[in-house]
Amino acid sequence: MEYENKHVLAPMVRVGTLPFRLLAAEYGADITYGEEIIDHKMLKCERKINESLGTTDFLEKGTAALVFRTCAKERSRVVFQLGTSDAVRALTAAQMVFKDVAAIDINMGCPKSFSISGGMGAALLSKPELIHDILTTLRRNLDTPVTCKIRLLKSPQDTVELARRIEKTGVSALAVHGRKIADRPRDPAKWDEIADIVAALSIPVIANGDVFEYDDFQRIKSATGASSVMVARGALWNASMFSAKGILPWEDVRREYVRKSVLWDNDLRSTKQTLKEMIMHYSCLEFPEGKAVTKSETLADLAPWREYYDT
């Protein structure tokens, strides 16, 4: 896995499943992160080869609920993001999946109460010793790249100091979301503070925040000096933003996402949430397409253009 001059799909809960990762890659994403998987959840899983789909599935023992699905087509670019607050648990979970993915990433930026209350995500930002323990444990025991994704701390100096400590663990790259824990998505990303981190480190930094169209990739790189750029909401609304050829009509992107969701038997709840996010950005859930998604009870219900989806 190389981290120079890459366009990266950010980890997004319920969005970053196999169909959406393949969709983003098809449009030009070089690296695709899966949605965060909690270590406790992963440790309840068993690895199974799905012969009918041609996928590698991690299923929860006892319930057979799908936790993570990947395939050979994305092996060289997919990053497995792990939510954890313990080095031993993190290693045990990572050892289950690292041979099926291109890299392991530790989530240190999620500000949601679920993550923070469990000592995961952004809660780790105030625990540099634990960060060091988790990352060094993974680096010493895994034969695959290890990275992490953080948010900004209260002051630029604090963030730079933490980033330097992270670099010393031997990680291959550091992704930085240019917002603080208390910031909301509508708050402008602080590209200048990402630039401070880039200037202080020798490892690749992946800049994340306020990237909504293809031209923004170069704008944030120029402003921060970052090696690569990560995008979340912009890609969620229209994954063709990764294409240098120009963005496609969102209806076309939506149809291709549904086709892939049917093809790869994606989780219905995940598929519906992703579609709702797309529709709410461009249209309204009260319009016919929104109502159809809300009422759908199967993946087949989401595919009214049967001739298209059957091809």
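The table that follows gives values for the structure above.
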quantity	calculated
DSSP bridge orientation in the chain - percent antiparallel, rounded to nearest 5	25
Per residue accessible area in Å² of the chain, where ligands, DNA and RNA are left out and the probe is 1.4 Å	44
Estimated vicinal HN-Hα couplings, Hz - the stretch 147-161 in sequence order (Karplus 6.51, -1.76, 1.60; Gly, Pro = x)	9, 8, 10, 10, 10, 6, 8, 4, 10, x, 5, 5, 5, 4, 4
Accessible area of SER155 in the full protein assembly, 1.4 Å probe (Å², nearest 10)	30
Convex hull per residue volume in Å³, alpha carbons only, for the stretch 1-136	115
Karplus-derived 3J(HN,Hα), 6.51/-1.76/1.60, for each residue of the stretch 198-206, Hz, glycine and proline x	4, 5, 8, 10, 10, 7, x, 10, 9
The stretch 101-173 and the stretch 197-273: distance between their alpha carbon centers, rounded to Å	22
Extent along principal axes [Cα atoms of the stretch 43-83; Å; largest to smallest]	30, 30, 10
From phi via Karplus (6.51, -1.76, 1.60), per-residue ³J(HN,Hα) for the stretch 233-246 in Hz, x at Gly/Pro	4, x, 6, 4, 5, 7, 5, 6, 4, 6, 7, 6, 7, x
Ranking by accessible area, most exposed first, for PHE114, PHE212, PHE242 with a 1.4 Å probe	PHE114, PHE212, PHE242
Summed residue charge, Cβ within 11 Å of LEU236's Cβ, Lys/Arg positive, Asp/Glu negative	+2
Surface share of carbon and sulfur [accessible, 1.4 angstrom probe, percent] for the chain	50
Per residue Cα convex hull volume in Å³ - calculated over the stretch 22-72	90
Residues with amide H under 5 Å from that of GLN81, placed H, sequence gap 5 or more	GLY34, ILE37, ASP105
From the coordinates shown, Kirkwood radius over Cα pairs in Å corresponds to which of (1) 19.8; (2) 20.6; (3) 21.1	(1)
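The values are calculated or read from the model by the stated rules, or taken from the named source; none is laboratory data. This structure is a prediction, so every number in the text was calculated from the model and none was measured. Backbone-built Cβ (ideal geometry, glycine too); neighbour counts: all protein chains shown. To get the accessible areas, we keep the full protein, side chains included, count just its heavy atoms, and leave off ligands, DNA and RNA. Shrake-Rupley method; radii C 1.70, N 1.55, O 1.52, S 1.80 Å.
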